[in-house]
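**Q** Starting off with a structure, shown below.
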């Protein structure tokens, strides 16, 4: 009887302990979900230090903060013009206040850049006085990922391929099952295979030659 009584006395305590663990776990999970949502809402990342940055659609307050911290000279809007949309009007207003060059540059949301898009981007990136550059789309994942990949290959001689692959990591929202991630990885693999077949190492010149004249998807 004494043993049974002690077991009965311990049961409420054990039940309360399990409930506390369950609520604590739920709190941690909810906290992580909120943190992820907040992170991917801005999804702001450095691509090349002092030169190229990528993000999702930023609210005007956040954009102002980043402009003051990173001193952008150019904003490339990959969503395309939206003259009746609040986000577009607010973003252009921030750009005007800070005398930032603002470019509407819509690209495909799932495919790597085509030759025409690549040539236009190259002209922007090599122009003097246009860096630092912020590139953004809506989520900072698909279109921003494609352009960030190309920026890494065009602007970084020594670590361009490594940096390009790094743009397709989960921390940027480029999850491995997304079509844009798959297509961009395939694009990089084709380029890497071409380099190996020709005994070459990466350089911006080699990448431009391959992307503009050799890759079957370049047109």
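Every number here is computed from the coordinates shown, using simple stated rules; none is lab data. Keep in mind it's a predicted model, so treat the numbers as computed, not measured. Quick reminder, even Gly has a Cβ in these numbers, built from the backbone with ideal geometry, and neighbours come from all protein chains shown.
**Q** Mind putting together the pair-distance distribution for region 77-161? All Cα pairs, 5 Å bins, whole percent per bin, short to long.
**A** Result, from short to long distances: 3, 13, 24, 25, 20, 12, 4, 1, 0 percent.
**Q** Right, here's the next one. For a label point 7 angstrom out from the Cα of residue 178 toward its Cβ, which stretches of region 127-167 have the backbone nitrogen within less than 13 Å?
**A** 136-149, 167
**Q** Can you compute the label reach from residue 51? Point 7 Å from Cα along the Cβ direction, backbone N cut-off under 11 Å, restricted to region 155-197.
**A** 155-160
**Q** Additional query: Rg and Dmax in Å for region 44-214, alpha carbons only: what are they?
**A** Values for region 44-214 (Cα only, Rg and Dmax): 15.7, 51 Å.
**Q** May I ask you to derive the FRET efficiency for residue 81 and residue 101 from their Cβ-Cβ distance with R0 = 22 Å, giving the value to the nearest 0.05? Don't jump to the answer; show the numbers that get you there.
**A** Working: r = 15 Å, r/R0 = 0.68.
The value I calculate is 0.90.
**Q** Next question. Could you tell me whether region 118-195 comes out rounded, prolate or oblate from its Cα gyration tensor? Rule is a ≥ b ≥ c as square roots of the eigenvalues, rounded for a/c under 1.5, then prolate if a/b exceeds b/c, otherwise oblate. Write out the running numbers ahead of the final one.
**A** On the way: a/c = 1.94, a/b = 1.24, b/c = 1.57.
Here region 118-195 falls in the oblate category.
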